[in-house]
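The values are calculated or read from the model by the stated rules, or taken from the named source; none is laboratory data. Please read all numbers here as calculations on a predicted model, not as lab measurements. With ideal geometry, Cβ positions are generated from the backbone for all residues, glycine too; neighbour counts draw on all protein chains shown. Remember, those area values only see protein heavy atoms, side chains included, never the ligands or the DNA or RNA. Shrake-Rupley method; radii C 1.70, N 1.55, O 1.52, S 1.80 Å.
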Amino acid sequence: MELFTIGVGPSSSHTVGPMRAAHDFAQRALAADSPPRRVRCDLYGSLALTGRGHATDTATILGLAGWLPERLDPDAVAAILAEVRATGGLPLGGERPIAFVEASDLLFHPRTFLPQHPNAIRFVAEAEDGTQLEETYFSVGGGAILRLGAPASAQNVAVRHPFSSSAELLARCVESGLTIGALVRANEEAWRSPAESDAFVDSVRDAMNACIDRGIAQEGVLPGGLRVRRRARAMYEGLSRCGPQRSPAEVFEWVSLWALAVNEENAAGGRVVTAPTNGAAGVLPAVLRFYETLVPGASRAGARHFLYTAAAIGMLYKKRASISAAEMGCQGEVGVACSMAAGALAAVLGGSDRQVENAAEIGMEHNLGLTCDPIGGLVQIPCIERNTMGAVKAINAAYLALRGDGEHVVSLDAVIETMRQTGEDMKSQYKETSLGGLAVNVVEC
Ligand code: SF4
């Protein structure tokens, strides 16, 4: 369930991950024998190329100052940063004042890609006695980080029904008599009680809904310089006024509105659920809201089942490929979110596990090759609208699968492997570098 974390926008790999890395490094520097007096950060590869638009610089500063995405109040960010910039210093880990001059202590290296991963960040702390502590981190997608040289973390906890492919997942479901969602819930018992898992999933669902509602309530222009106007509120007002003259596309318009609202919040640095990334954070909430609002008999239990099922599908992508746009392009973000939402919706509409797997497969099959080329390095164009497409496509994929009997030619495993190979073959211009596609064909004013 680590696929769902409640954090801040605009990017999981470029904002949430670096903030966590900086926070971790600050704790290590503070634990050293000699107290730190200065910290320098170097951003490499995709983090440097799109880091300004994705708020990697501010996230790094906030992490060094002791903040974590899940605890940060998005409304307090401007004041925290203003203080750091005005004083030329920050409270390392929230406790030890050190000098920090952004222009010289936070450097971008857009031409340098470290060999291990395109999203890399290196920290060096100088201690009072002249010794140095150096650590390199990789932001590997969805807000997850790896520290260079760190032992493999305790991910290998024994779960009751282990699976590493969709074929295995379906086999475990047959053996256990559990649905995909119920199997994930049972596996979670390796870490916490079922009641605690349900409470966590409820908090994810509530945060998704709160994000939609907050996005709908906002107006104005998104930050970053592209002058992209928020549309969710006007769209909501227009749809609410529809009256008896209803549009034949009304359902799709509502779904698009819900996705748009989330991604406008994300672009504004608001509180969002990483699902499985921030750039793709609107797809699952929009499809979940579709279920809760428009499907007769929808329930809180159904919403939990939706999220457990989505998590199972997301885990497969994480295990067998990647959810990092710097490695896979947008197929690894919006494509994966679409696949997760399609399978999850099929499950709560009463689909069999085979139909769920089919829906998830369809959700990805028609996102294969989707590139990541955000204009100005901002998570706005094409990202915001792209989530509306992902959500609508997910609903279509679920209903297509439900019209069948679960038998299909392309398996979910095959489409995940195809996504992985396509991502590897994709030129780096189209993988979160803003060096190709829309990013170079649309002039920023
Ligand atoms: S284009 Fe897709 S992958 Fe790239 S930043 Fe936007 S949402 Fe994320």
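Listed by first and then second residue, the pairs linking a residue in region 2-23 that is more than 19 Å from P374 (Cβ to Cβ) and in contact (Cβ under 8 Å) with a residue 12 or more places away in the chain to a residue that is part of a helix (DSSP H, G or I) and open to solvent by 10 Å² or more (accessible area, probe 1.4 Å), with Cβ atoms under 6 Å apart and 6 or more places separating them unless they lie on different chains, are I6/A207. All conditions but one from (1) over 21 Å from the mean Cα position of the chain (by Cα); (2) not in a loop (DSSP other than H, G, I, E, B) apply to G406; the one that does not is (2). Across region 328-358, the number of residues qualifying as more than 19 Å from R205 (Cα to Cα), within 14 Å of the chain's Cα centre (by Cα) and not aliphatic (A, V, I, L, M) comes to 6. Among the helices (runs of 4 or more DSSP H) confined to region 319-400, the ones with at least 3 residues that are more than 16 Å from the ligand (Cβ to nearest atom) and of a type in the set (G, A, S) are located at 334-348. The residues listed here are G314, G335, G270, G343; of these, the one that is within 18 Å of I212 (Cα to Cα) and in contact (Cβ under 8 Å) with a residue 24 or more places away in the chain is G270. Answer with yes or no whether V77 is outside the structural domain of R205 (by TED's automatic domain parsing) and open to solvent by less than 20 Å² (accessible area, probe 1.4 Å). No. Within region 71-100, residues that are closer than 17 Å to V8 by Cβ have Cβ atoms under 7 Å from residues that are among the basic types (K, R) in these pairs: P74/R271, counting only partners at least 6 apart in sequence or on another chain.
Within the span defined as region 410-422, one or more residues are part of a loop (DSSP other than H, G, I, E, B) and surrounded by fewer than 21 Cβ atoms within 10 Å (Cβ to Cβ). Is it fair to say A261 is more than 16 Å from the ligand (Cβ to nearest atom), part of a helix (DSSP H, G or I) and modelled with pLDDT of 95 or more? Answer is no for this residue. Among the residues of region 1-47, those that are hydrophobic (A, V, I, L, M, F, W, C) and within 15 Å of the ligand (Cβ to nearest atom) comprise V16, L47.
From the list N266, N278, which residue is part of a helix (DSSP H, G or I), within 24 Å of T56 (Cβ to Cβ) and not acidic (D, E)?
N266
Here N266 fulfils each of the conditions (1) surrounded by fewer than 20 Cβ atoms within 10 Å (Cβ to Cβ); (2) out of contact with any helix residue (DSSP H, G or I) (no Cβ under 6 Å at 6 or more places or on another chain) apart from (1).
Of the helices (runs of 4 or more DSSP H) lying entirely inside region 1-106, the ones with 3 or more residues being more than 21 Å from A127 (Cβ to Cβ) are found at 17-31, 46-49, 56-64, 77-87.
Residues in region 126-149 that are open to solvent by 40 Å² or more (accessible area, probe 1.4 Å) and part of a loop (DSSP other than H, G, I, E, B): 6 in all.
Per-residue answers, yes or no, for (1) under 18 Å from G335 (Cα atoms); (2) out of contact with any Pro (no Cβ under 6 Å at 6 or more places or on another chain); (3) outside the structural domain of S324 (by TED's automatic domain parsing); (4) crowded, with 20+ Cβ neighbours inside 10 Å:
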residue: P248; (1), (2), (3), (4): no, yes, no, no
residue: R271; (1), (2), (3), (4): no, no, no, yes
residue: V287; (1), (2), (3), (4): yes, yes, no, yes
residue: F290; (1), (2), (3), (4): no, yes, no, yes
residue: Y308; (1), (2), (3), (4): no, yes, no, yes
